[in-house]
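The values are calculated or read from the model by the stated rules, or taken from the named source; none is laboratory data. Keep in mind that this is a model prediction, so the values were computed, not measured. Cβ placement follows ideal geometry from the backbone for every residue including glycine, while neighbour counts extend to all protein chains displayed.
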Amino acid sequence: MALISGQQYIDRINELKPEIWIDGEQVSGKLSEHPALKGIIKSKAKLYDIQKDPDHIDHMSFTTHSGEQAGMAFLPPRTKEDLERRRIAIRTWAKSCGGLMGRSPDYLNTILMTFTQSAELLKSQDPTFCQNMINLYEKAVTHDLSFTHTFVHPQVNRGRLQLEWADKQVAAHITRKTNDGIIIRGARLLATQGGLTDEIIVFPQGGISEPSVGNGFSLPANTPGLRFIARESFDYGKSQFDHPLGSRFDELDSIVVFDDVLVPWENIFFYENLELSQEIYDKSSFFQHTVHQVVNRCIVKTEFILGTIQLMIHTINIGGYDHVQEKVSDIIIALEAMKAFVLSSEIQAEIDRWGTMTPAKEPLLAALTYYAKIYPTFNEIIQILGASGLVSIPGENDFNSPIRQDLDLYLQGANANAEDRVKIFRLAWDLSMSAFGTRQSLYEQYFFGGPLSLSKRLYLGYYRDEQIQWVKEFLSIEDEVEDDEKDEDS
Ligand SMILES: Cc1cc2nc3c(=O)[nH]c(=O)nc-3n(C[C@H](O)[C@H](O)[C@H](O)COP(=O)(O)OP(=O)(O)OC[C@H]3O[C@@H](n4cnc5c(N)ncnc54)[C@H](O)[C@@H]3O)c2cc1C
């Protein structure tokens, strides 16, 4: 089958009937008609239609060994040109949603591609586990599957080295092994789009010390006992005029509960394995390829934000003020920096031990860390520049009511009529102030571990021996001095 249409995605997700709970009720009926889900499902379906569109199919897909077209995110890059092809495809999808969908299918499909490239690692526990990963990849390519994932243990007690799972059994862990597979009970922190994808990939958090939580597997979203408990939807059923973003792109984050879920052996990549729990991240090129997707999406998102801010400025004619220009230039710097990080990672790309052309890690880690820190300032800039305009935003019903004349007169902008001005400011509000907008900010800061842990990773992982040596030579400092200091320190 390979590339699916948007309608095929919708039909498939409606047939799955995963267990999703929203606002105290289990979702029943078609997911695509549920008020909290229909907006995001429609937007996701559009991605699949773009992929098949004759104007896009050549740069959104590649030809597999069996001669089928498959989504570009599944392509294991072998050359720098392949990285460029992946970049173009990622940005094309991101453009259709302003970069506001963190879980467009290319994110997890990229992750699956990287884990499959390094599937040899899984042989250390069992050769069939390696094959399980390859089988999943091939199934995903053939059926154009989409995935969500859950990697992190619940936020019960971050104050101890030994997290609470050991005694309270909160985190999803193995309770039994049977002839059919392993039984999992407990919870995982989050899965964005939980229940809205064909499958969920479950991998352990890095750095764990408890074997019962050291499991990697994938499950269909409708597996018995698998439960998605969603947060309040930020799609409040409003029109696209009123909530231009929440009505389209709210991905819904869900807690994932495993209520004695049977994971068949053929779905398992490893289990009770502390070594592989770390190696799958350290020895694969998971980080580089995944973050290459992320940073490209963030570039498109920054362009969308820049366009929105500039429209706001033009509408009320504040572009002549120095501080306004300074703030916009901060966004431009962020945009250009992110573009440069990606290009730098591609120029320095090398073939990894699995034969995959892999972008350089350092610029991508710098980009991810930088964006997690800079993103909240975008919201701040929108608020500073929009000021009261961000709350003087009557809704669509107001424009269709007898007070329309008031709105037309009093809400006009220097360079826009009232309706267009409100549309622009509503978009700025939904980007920066609404529940949808503030969740976007939280997402960009935390979805990959948080600004602090990213900075720490950069500090600990960045190679800088040459620079240290250079400065030592400049100061005529002998190597022994450092050794002496080390001895004193220890
Ligand atoms: C919107 C959103 C969507 C997400 N989607 C997904 C998803 O689809 N799949 C998925 O697997 N995960 C997802 N995540 C989870 C994400 O990976 C985690 O939020 C991230 O790893 C941080 O973990 P935490 O939220 O448990 O924060 P915590 O680790 O609990 O941190 C809370 C605070 O405590 C501090 N802290 C905690 N421990 C330490 C320490 N040892 N030293 C110093 N400070 C510490 C942190 O710096 C932070 O300020 C999502 C998160 C968000 C916000």
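Kindly check whether there is at least one residue in region 423-440 that is in a helix (DSSP H, G or I), among the charged types (D, E, K, R) and either outside the structural domain of Val295 (by TED's automatic domain parsing) or within 30 Å of Ser345 (Cα to Cα) (or both).
Yes.
Which residue is nearest to the chain's Cα centre (by Cα), if the candidates are limited to region 429-440 and must be of a type in the set (S, T, N, Q) and more than 9 Å from the ligand (Cβ to nearest atom)?
Thr438
List, please: which pairs have Cβ atoms under 9 Å, are six or more places apart or on different chains, and start with a residue in region 445-469 that is over 27 Å from Phe378 (Cα atoms) and end with one that is more than 7 Å from the ligand (Cβ to nearest atom) and of a type outside the set (D, E, K, R)?
Cβ pairs passing all conditions: Gly461/Leu365; Tyr462/Leu365; Tyr462/Ala366.
Tally the residues that are modelled with pLDDT of 95 or more and either away from the ligand (no atom under 16 Å from the Cβ) or not small (Gly, Ala, Ser) (or both), restricting the search to region 191-213.
Within region 191-213, residues that are modelled with pLDDT of 95 or more and either away from the ligand (no atom under 16 Å from the Cβ) or not small (Gly, Ala, Ser) (or both) number 10.
Do we have any residue at all in region 338-351 that's in a strand (DSSP E or B), acidic (Asp, Glu), at pLDDT 95 or above and on the phi > 0 side of the Ramachandran plot? So that I can check it myself, show each step before the final result.
Going through region 338-351, the residues in a strand (DSSP E or B) turn out to be 350-351.
Of the ones still in play, those that are also acidic (Asp, Glu) are 350.
Narrowing the set further to residues that are at pLDDT 95 or above leaves 350.
Subset that is on the phi > 0 side of the Ramachandran plot: none.
Scanning region 338-351, I find no residue that is in a strand (DSSP E or B), acidic (Asp, Glu), at pLDDT 95 or above and on the phi > 0 side of the Ramachandran plot, so the answer is no.
So which residues in region 178-189 are in a strand (DSSP E or B), within 23 Å of Glu266 (Cβ to Cβ) and either away from the ligand (no atom under 14 Å from the Cβ) or of a type in the set (Gly, Ala, Ser) (or both)?
Gly181, Ile182, Ile183, Ile184, Arg185, Gly186 - these are the residues of region 178-189 that are in a strand (DSSP E or B), within 23 Å of Glu266 (Cβ to Cβ) and either away from the ligand (no atom under 14 Å from the Cβ) or of a type in the set (Gly, Ala, Ser) (or both).
Please return the ranges of helices (runs of 4 or more DSSP H) entirely within region 68-158 where 2 or more residues are within 16 Å of the ligand (Cβ to nearest atom).
105-117
Please return the ranges of helices (runs of 4 or more DSSP H) entirely within region 234-336 where 2 or more residues are among the polar types (S, T, N, Q) and under 17 Å from Gly102 (Cα atoms).
Numbers: elements: 246-249, 274-282, 286-316.
Those helices (runs of 4 or more DSSP H) span 286-316.
Scan region 214-245 for residues that are of a type in the set (S, T, N, Q), touching a residue at least 24 places away in the same chain (Cβ under 8 Å) and either closer than 30 Å to Phe399 by Cα or more than 16 Å from the ligand (Cβ to nearest atom) (or both) and jot them down.
Within region 214-245, Asn222, Thr223, Ser233, Ser239 meet the criteria.
Residue pairs, Cβ under 7 Å, 6 or more apart or interchain, first in region 190-206 and outside any strand (DSSP E or B), second more than 8 Å from the ligand (Cβ to nearest atom) and hydroxyl-bearing (Ser, Thr, Tyr). List them.
Taking only residues 6 or more apart or on different chains, the pairs are Gly194/Ser254; Gly195/Ser254; Thr197/Ser146; Asp198/Ser146; Pro204/Ser277; Gly206/Tyr281.
Any chance you could count how many residues in region 444-457 are surrounded by fewer than 18 Cβ atoms within 10 Å (Cβ to Cβ), part of a helix (DSSP H, G or I) and within 8 Å of the ligand (Cβ to nearest atom)?
3
Please find, within region 458-477, the residue that is farthest from the ligand (Cβ to nearest atom) out of those that are among the hydrophobic types (A, V, I, L, M, F, W, C) and surrounded by 12 or more Cβ atoms within 10 Å (Cβ to Cβ). Walk me through it before giving the result.
Step one: of region 458-477, the residues among the hydrophobic types (A, V, I, L, M, F, W, C) are 458, 460, 468, 470-471, 474-475, 477.
Next, from what is left, pick out any that are surrounded by 12 or more Cβ atoms within 10 Å (Cβ to Cβ): 458, 477.
Details: Leu458: 15, Ile477: 33 Å.
Taking the candidates together, the pick is Ile477.
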